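Q: The structure follows.
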Amino acid sequence: MNTRQELVHQYLDEALKYYSKAELANRLGSDQGTIRRWAARETEPKPYVVDSLKQLLLPFGPQEKRETEFRFIDLFAGIGGIRKAFERVGGECVFTSEWDTYAQKTYAANFRHDSHALNGDITQVNAFDIPDHDVLLAGFPCQPFSIAGVSKKNALGRAHGFEDETQGTLFFDVARILQVKRPRAFLLENVKNLMSHDKGRTFDVIRRTLSEELGYHIHCKIIDAQHFVPQHRERIVIVGFREPTDFNWDLLALPPKGNTTIKDILHKTDGTEPWNEHDGNKYFDHETGQVNPKYTLTPKLWQYLQNYAVKHREKGNGFGFGLVGPNSIARTLSARYYKDGSEVLVDQGVGKNPRRLTPRECARLMGLDDSFVIPVSDTRAYKQFGNSVVMPVFHAVAEIMKPRIVAEQFEPVIKDMWESNGSGVDLLESPSPYQTHRKESVS
């Protein structure tokens, strides 16, 4: 094998880390069988294929060289929406954790130059092995908080531990990392209903854990992404600082709602839709200037959704599909969008069934520009975008957090707060209450 052929295979092997054989075949104008034979070294690709592979592996635009001003970790990272926001204000990601293998694929395709590994299940990571960092970021899953068994203690006024209140939840893992690493600040994200879950008791556990037990100064706000994108999507943002700061939500600049509408994220059928090397004609046919017809609802599905809406309307319920036009604001995109697309259906005019958003349009609806790579199937992409965050929301929050993060050089305070409990017991040598609880809850 000559040097040129070796180079082709190197690029091919690298490309197959980010694309399936079907996706690679589509982008190279080939077929899956050919890609399989190339990968198995049964046949040799033409030398010119290396140029196409190089383009697929290069990030869009020039690689910016920038000095980072603070370090952060990305927990429950999903596809990296919060990370992108904090990188834009000068942060450097030094640790990532995401358990879903498909989300990992999308994350890896968009952050290829990481010097750290992409960790899986955070419950299996020792907090002491996580690098020092200035900011902890976590869009932790909203799982019910278990407070069973503590009502008697509450009634008796007896103190009960954090571990009893949060058994079976992943918020526990955020707390144990905050306890050990003591970063200068954190940002947590969750659904709006977190505040009202279990009559407010769940959120009270979170608040007391962060502020009273871990000593952080916290600030909470529900933000609607409609300020930045054409989507009604309310999320609670919890910001915390290790030391007192002048942070105030009044500093957050929110554009007026309605500045952007659905027409701003849809594929353009007037000949101005930009060519995307990674997408090719997968979502939008540039020759015909039309969205791929597979996204248009079948007559059977469209009739079902209409009948479903009528049935619930007669019962006085609000269930039904969400039809949007150019000047509309979409409902909240959910992880179930792949099933029927009912929450956001694009009106295509009289005589034509509506259609789903394409994955590229979903990415735009989450505030991600067209350089964002979508290396997974449509079903996986819909789930990922439905579970993701609207990036510009967190960019705005990151901008007002940053001055409070970089005001002084980060200095770990583990020894000041956790080395000794005043009785000669070294807490760093003893199991943390959070770590002890994790062992008990897993067993």
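None of the figures in this text is laboratory data; all of them are computed from the coordinates on show. The shown structure was predicted, so the numbers you read here are calculated from the model rather than taken from an experiment. Cβ sites come from the backbone with ideal geometry, for glycine too, and all protein chains shown count toward neighbours.
Q: Grab the other residues whose beta carbon is less than 9 angstrom from that of residue 235, score K and R as +1, D and E as -1, and report the net.
A: Values: positive: 192, 233; negative: 189, 224, 234.
So the surrounding residues net to -1.
Q: May I ask for the net charge around residue 342, where only other residues with Cβ less than 13 Å from the Cβ of residue 342 are counted and Lys, Arg are +1 while Asp, Glu are -1?
A: +3
Q: Within 10 Å of each residue's Cβ, count the other Cβ atoms and sort 275, 249 from fewest upward.
A: Values: 275 10, 249 14.
By the 10 Å Cβ count, ascending, the order reads 275, 249.
Q: Two decimals, Cα atoms only, Kirkwood Rh: what is Rg/Rh over region 3-57? Provide the component values of the computation, followed by the final result.
A: Details: Rg = 9.7 Å, Rh = 10.8 Å.
So for region 3-57, dividing Rg by the Kirkwood Rh gives 0.90.
Q: Taking neighbour counts of Cβ atoms within 10 Å as a proxy for exposure, in what order, fewest first, do 220, 93 appear?
A: On the way: 220 17, 93 24.
Ranked by crowding around the Cβ, least crowded first: 220, 93.
Q: Taking the Cβ of residue 369 as the center, what net charge do the other residues with Cβ under 12 Å away carry, scoring Lys and Arg +1 and Asp and Glu -1? Intermediate results must be reported in sequence, preceding the final value.
A: On the way: positive: 84, 88, 360, 364; negative: 370.
Value of the local net charge: +3.
Q: With 10 angstrom as the radius, rank 313, 233 by how many other C-beta atoms surround their C-beta, starting from the fewest. Write out the running numbers ahead of the final one.
A: Working: 313 12, 233 22.
Neighbour counts put them in this order, fewest first: 313, 233.
Q: Let me ask something else about it. For all pairs of alpha-carbon atoms in region 280-395, what percent lies in each bin of width 10 Å, listed from the first bin to the last filled one?
A: Binned Cα distances yield the sequence 13, 42, 34, 10, 1.
Q: Can you pull the semi-axes for region 197-309, root of five times each eigenvalue of the Cα gyration tensor, sorted largest first, whole Å? Before the final figure, lay out each step's value.
A: On the way: eigenvalues 368, 92, 39 Å².
One finds semi-axes of 43, 21, 14 Å for region 197-309.
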